[in-house]
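Visitor: Here it is: the structure, laid out below.
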Amino acid sequence: MEMKNQIIVTAYEMFQENGYDNVTVNDICQRCNITKPTFYRYIESKDQLLAYFYENIAAEITEQFMKMLAADNYWEQFCMGFDIILQHSRRFGADLYSHLFISNLKENKGTFDFNDMLTQTMTSVLSKAQRHGQVRNMNDAGELYMACANMCFGYGILWCLNKGQNDLLGDFRVALENVCDVDEAYRAKRNLPSA
């Protein structure tokens with residue numbers, strides 16, 4: 001497994017340095033000091049590398065779970081779950097995130113499938129936010145979470161289209177607050193332009 005991890009880490013570094021389209025399998029092999037057959041023994045394709053980079057989101061959320069639970073209120077816990085996902089996307093970068101979408105459009109690799117544990121956790125937290133009056137949208141918490149999660153993908157695509165130039169976390173947070181009809185006391189404080 002050590003060789004596979006070396007290939008993945010090296011490819012990620014090269015994609016960040018040069019852009020996904022400017023890095024070939026030969027480039028990765030050369031940097032790793034391996035042959036193409038060795039590369040293909042561990043990695044199916046260049047596109048598959050993208051999926052590996054995104055797989056650790058569920059693990060990262062699990063690691064951050066205690067921090068989420070320490071938040072002052074259920075709404076903030078709910079938002080923190082999405083913040084972790086979006087921060088990971090930002091670190092991934094708009095170029096690589098775009099290629100991840102493109103790769104899955106060519107052939108659904110399941111990269112964007114919903115994680116059962118995350119879905120249950122986020123649905124439970126959202127339900128508590130509803131019961132405590134922090135969220136006024138009283139639609140089914142599971143269905144509302146799924147709508148928010150899909151909206152998160154949409155904002156990710158918009159961010160990619162804008163080459164990472166818009167405020168991914170801030171824009172999504174405003175939309176999330178509006179869709180969930182969050183009580184004013186729990187909305188993020190934003191600097192509004194003066195009249």
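Visitor: Looking at MET151, MET146, MET138, which is the one that is without any contact (Cβ under 8 Å) to a residue 24 or more places away in the chain and at negative phi?
Guide: MET138
Visitor: Let me ask something additional. Given TYR145, TYR186, which one is closer than 18 Å to ARG131 by Cα and modelled with pLDDT under 95?
Guide: Going through TYR145, TYR186 in turn, the sole match is TYR186.
Visitor: Take THR10 and tell me if it is loosely packed, with under 14 Cβ neighbours inside 10 Å and over 12 Å from LEU96 (Cα atoms).
Guide: no
Visitor: Give me the residue from the range 101-139 that is in contact with a Gly (Cβ under 9 Å, 6 or more places away or on another chain) and within 29 Å of GLN165 (Cβ to Cβ) and, out of that set, surrounded by the fewest Cβ atoms within 10 Å (Cβ to Cβ).
Guide: Selected residue: PHE101.
Visitor: Right, next: If you take the residues in the range 56-67 that are loosely packed, with under 13 Cβ neighbours inside 10 Å and not hydrophobic (A, V, I, L, M, F, W, C), which one is modelled with the lowest pLDDT?
Guide: ASN56
Visitor: I've got another one for you. Quick check, is THR38 at pLDDT below 90, of a type in the set (S, T, N, Q) and part of a helix (DSSP H, G or I)?
Guide: Answer is no for this residue.
Visitor: If I filter the range 15-29 down to residues being of a type outside the set (Val, Ile, Thr), surrounded by 13 or more Cβ atoms within 10 Å (Cβ to Cβ) and at pLDDT 95 or above, which single residue comes out as farthest from ASP95 (Cα to Cα)?
Guide: By that ranking, first place goes to CYS29.
Visitor: Of everything in the range 30-50, what is loosely packed, with under 14 Cβ neighbours inside 10 Å and over 20 Å from SER103 (Cα atoms)? Give them in sequence order.
Guide: The answer is GLN30, ASN33, THR35, LYS36, PRO37, ARG41.
The values are calculated or read from the model by the stated rules, or taken from the named source; none is laboratory data. In this text the structure is predicted, and so the values were computed from the model without any measurement. In this analysis, Cβ positions are derived from the backbone assuming ideal geometry, glycine residues included, and neighbour counts consider all displayed protein chains.
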